[in-house]
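Asker: Got a structure here, written out as structure tokens. Questions coming.
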Amino acid sequence: MRKVLSAVCAFVLASAAAAFAEAGDETKWVLQLNENRGTFTSNSSPAKEGGQNLLYFSLGYMAPNYGVVLMGSHADTAYLYNNPGAKDDFHLYSLMDSTLSSYYLLPEKAGFLVRLGLDLNLPTGHSSFSTKELNSILVDNVSKDLLLVPSFGKGLNIAPNVVASKTIGPIMAGLGARYEITGEYNPASDVADKKYDPGDTLTLFGSLQYAISEKEMAMFDLSSVFSSRDKQGGAEVFKQGTAYTLGARYIKAYETTRVTYGITYGWQDKNQTFDGGGVTTEDRNTNNDRLELLINGVRMLSQRMMMNGLIGYKNIYANRYDSTNTLFDGGYQKLYFGGGPVYVISDVMSVTGDVKLFQVVNGRDTLEPDSATYRGWTVDIGFVYTWGAARQN
């Protein structure tokens with residue numbers, strides 16, 4: 001259930017991070033408003049279709065050594081199964097959960113920079129589903145790569161975090177930790193006394209950045225996520241295996257262009273389930289290893305205009321169960337590309353545009369007995385406004 005209700009909208013966080021990247025020596029407010037519209041359809045019979053209109057915003061107050069950012073969104077999401085006899089269509093029209101993030105930079109000591117942070121997931125979204133709605137949600141893992149729905153339906157989550165870094169010559173190294181205390185919620189509004197309490201998570205991560213030259217840089221990162229036991233109705237029901245992610249990027253700058261080449265590989269330990277009589281560990285791994293490759297380019301066309309371009313490939317591998325087992329997941333492959341402009345209207349105002357096309361080939365499994373190909377697109381339009389900037393004495 002956690003994987004369904006806690007889907008994270010990565011592009012919201014990425015956009016906010018870009019807008020609030022560095023406060024420098026100024027104190028300022030930054031507001032970002034975006035609309036994202038997307039749709040997909042499959043070649044399966046009966047066909048599956050979906051569409052979404054997502055409005056999201058970020059509002060940040062940035063000072064030289066601290067900052068606070070509020071992120072929120074509203075989604076109008078629909079799945080159309082074109083098979084009324086088998087499944088009901090699904091429609092969600094609701095606020096999503098909001099995120100309030102803050103950080104504080106400690107004074108530098110012995111060359112070490114330390115950043116303290118606190119992230120809150122605020123349960124402002126659709127609180128829970130009816131059983132009918134739960135049975136209509138597209139729960140296959142492929143849904144994460146079809147519509148970019150941020151988290152909703154969770155409880156109050158509290159996540160303190162810390163990052164420390166040090167630079168020695170051309171090398172900068174960093175280590176960090178994040179502990180998320182997850183709040184309970186009721187996933188089904190018409191089922192009483194079935195509060196779901198996702199297990200807390202501990203994330204450890206490290207990074208290494210090496211400046212090869214003035215125009216070349218290599219970056220490496222490794223993270224692991226440790227989960228405690230999920231509970232439902234007070235009883236332990238599930239424990240997610242430890243997940244690991246390894247990534248590398250190479251950045252090359254030219255006179256008016258910057259190109260980033262990236263690779264990410266992730267894998268996960270076996271899950272555990274609890275049936276009242278004890279703990280059952282998967283005899284094989286139901287989790288899918290994943291590999292992603294991407295190339296991202298940014299080109300300055302003028303002092304006020306630049307263009308972004310992106311092409312990527314993601315492979316979610318078939319898991320390690322036999323294809324005849326009900327736990328078998330055939331994985332999927334996604335190819336995507338797109339781009340768009342960023343136009344600086346003035347020193348305090350800019351607009352962004354982005355169009356992406358994608359194709360997802362989903363392998364067969366219990367949820368989708370026959371392989372299916374999904375095709376779709378997303379369009380994102382954004383507006384960024386900065387005010388209150390005043391140089392500090």
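What follows is calculated from the coordinates using simple rules that are stated; it is not laboratory data. Since the structure is predicted, the reported quantities are computational estimates derived from the model, not experimental observations. Note that each Cβ is placed from the backbone with ideal geometry, even for glycine, and that neighbours are counted across all protein chains shown.
Asker: Once the Cα gyration tensor of segment 297-393 is diagonalised, what are the square roots of 5 times its eigenvalues, in whole Å and ordered largest first, as equivalent ellipsoid semi-axes?
Answerer: 43, 15, 11
Asker: Using modelled backbone amide H atoms (1.01 Å from N, in-plane), which distant-in-sequence or interchain residues come within less than 5 Å of F238's amide H?
Answerer: Distant-sequence amide H within range of F238: D230, F274.
Asker: With point charges of +1 on the Cβ of Lys and Arg and -1 on the Cβ of Asp and Glu, referenced to the Cα centre of the chain, which listed residue (G312, L208, Y265) lies farthest in the positive direction of the dipole?
Answerer: About the Cα centre, the residue reaching furthest to the positive side is L208.
Asker: Take D119, D347, D283, D89 and order them by how many other Cβ atoms sit within 10 Å, fewest up front.
Answerer: D347, D283, D89, D119
Asker: Moving on to the next point. Using modelled amide H (1.01 Å from N, peptide plane; none on Pro or chain starts), what sits under 5 Å from the amide H of S371, excluding residues fewer than 5 places away?
Answerer: Sorted by chain and number, the residues that satisfy this are R364.
Asker: Any chance you could give the angle, 0 to 90 degrees and rounded to 10, that helix 10-19 forms with the longest Cα principal axis of the chain?
Answerer: Here the helix axis deviates by roughly 10 degrees.
Asker: Let me ask something additional. Treating the beta-carbon of each Lys and Arg as +1 and of each Asp and Glu as -1, no other charges, what is the dipole magnitude of the chain about its Cα centre, to the nearest 20 debye?
Answerer: Value, rounded to 20: 720 debye.
Asker: May I pose another question? Considering the options L122, A110, V379, tell which one lies farthest towards the positive end of the dipole of the chain, charges being +1 on Lys and Arg and -1 on Asp and Glu at the Cβ, about the Cα centre.
Answerer: A110
Asker: Two decimals is fine: what is log10 I(q)/I(0) at q = 0.07, 0.10 Å⁻¹ for the chain, from a Debye sum with one equal scatterer on every Cα and no solvent?
Answerer: With one equal scatterer per Cα and no solvent, log10 I(q)/I(0) is -0.36, -0.76.
Asker: Same structure again: So what J values fall out for segment 341-350 if you push phi through Karplus, 6.51 cos²θ - 1.76 cosθ + 1.60 with θ = phi - 60°, rounded to Hz, Gly and Pro as x?
Answerer: x, 10, 10, 8, 6, 7, 5, 10, 9, 8
Asker: Mind listing the phi-derived Karplus ³J(HN,Hα) values for segment 323-334, rounded to whole Hz, using 6.51, -1.76 and 1.60 with θ = phi - 60°, and x for any glycine or proline?
Answerer: Each residue's phi maps through the Karplus curve to give 5, 8, 7, 5, 8, 5, 10, x, x, 7, 10, 10 Hz.
Asker: Output the pairs from K48/K270; K154/K314; K252/K334; K154/K195; K195/K239; K48/K356 with a Cα-Cα distance over 23 Å in this structure; if there are none, say none.
Answerer: K48/K270; K154/K314; K252/K334
Asker: Cut-off is 10 Å between beta-carbons; in what order do T324, T203 appear when sorted fewest neighbours first?
Answerer: Least to most surrounded, the residues fall as T324, T203.
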